[in-house]
1. Which FRET efficiency value, to the nearest 0.05, is calculated for ASP55 and THR31 with the Förster distance at 41 angstrom and r the Cβ-Cβ distance?
2. What distance in nm separates the two pseudo spin-label positions at TRP116 and LYS100, each 7 Å out from Cα along the beta-carbon direction?
3. Give me VAL52, VAL76 sorted ascending by neighbouring Cβ count inside 10 Å, so fewest comes first.
4. Enumerate the calculated ³J(HN,Hα) couplings along segment 93-101 in order (Karplus 6.51 cos²θ - 1.76 cosθ + 1.60, θ = phi - 60°), each rounded to whole Hz, writing x wherever the residue is Gly or Pro.
5. May I ask you to evaluate 6.51 cos²θ - 1.76 cosθ + 1.60, the Karplus curve with θ = phi - 60°, for each residue of segment 31-48 and list the ³J(HN,Hα) values in order in whole Hz, giving x for glycine and proline?
Amino acid sequence: MKFALLSIVLSSLVFSWQFPDAPVVWQVPTTHDFGDLERGVPTTTTFTFRNVSADSLYIDNVRPACGCTSPEWEDVMVPPDSLGHILIEYDADDAGYFNKGVKVYFNGYRKAERLWIEGWVEE
């Protein structure tokens, strides 16, 4: 009986544990549509977030889906209720439609935030 009760309590603790909610709220949509782009002319967009956690945080890492996309960010602590920025550049070397993802990791959070860029590169 004690073993069954202990097993139920431990199971409920394991299944109720989850990753913390996202520490940020994005101030712009998480997908940016560049529209029509000229081939070979790089273009950029900036994603802005607000730190909604109780602690200061920083961008631990940003991982683009391919080499055609490059991120830039400041390596600084963002206090609670303050804004931070990530600049994403797309090289526009390949003609046609593109849809590229970028994963953003914040300190203390294992789950990445996902950003997207899309558009059409003219011949």
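The numbers here are math on the coordinates, done by the rules we state, and not lab data. Small disclaimer: the values here were computed from a predicted structure and weren't measured. Every residue, glycine among them, receives a Cβ derived from its backbone with ideal geometry; neighbour counts consider all protein chains shown.
1. Here the calculated transfer efficiency is 0.90.
2. 1.6
3. In increasing order of surrounding Cβ atoms, one gets VAL76, VAL52.
4. Listing the rounded values in order: 7, 9, 6, x, 6, 9, 8, 10, x Hz.
5. Once θ is set to phi - 60°, the couplings for segment 31-48 become 10, 10, 9, 6, x, 8, 10, 7, 4, x, 10, x, 9, 10, 9, 10, 9, 10 Hz.
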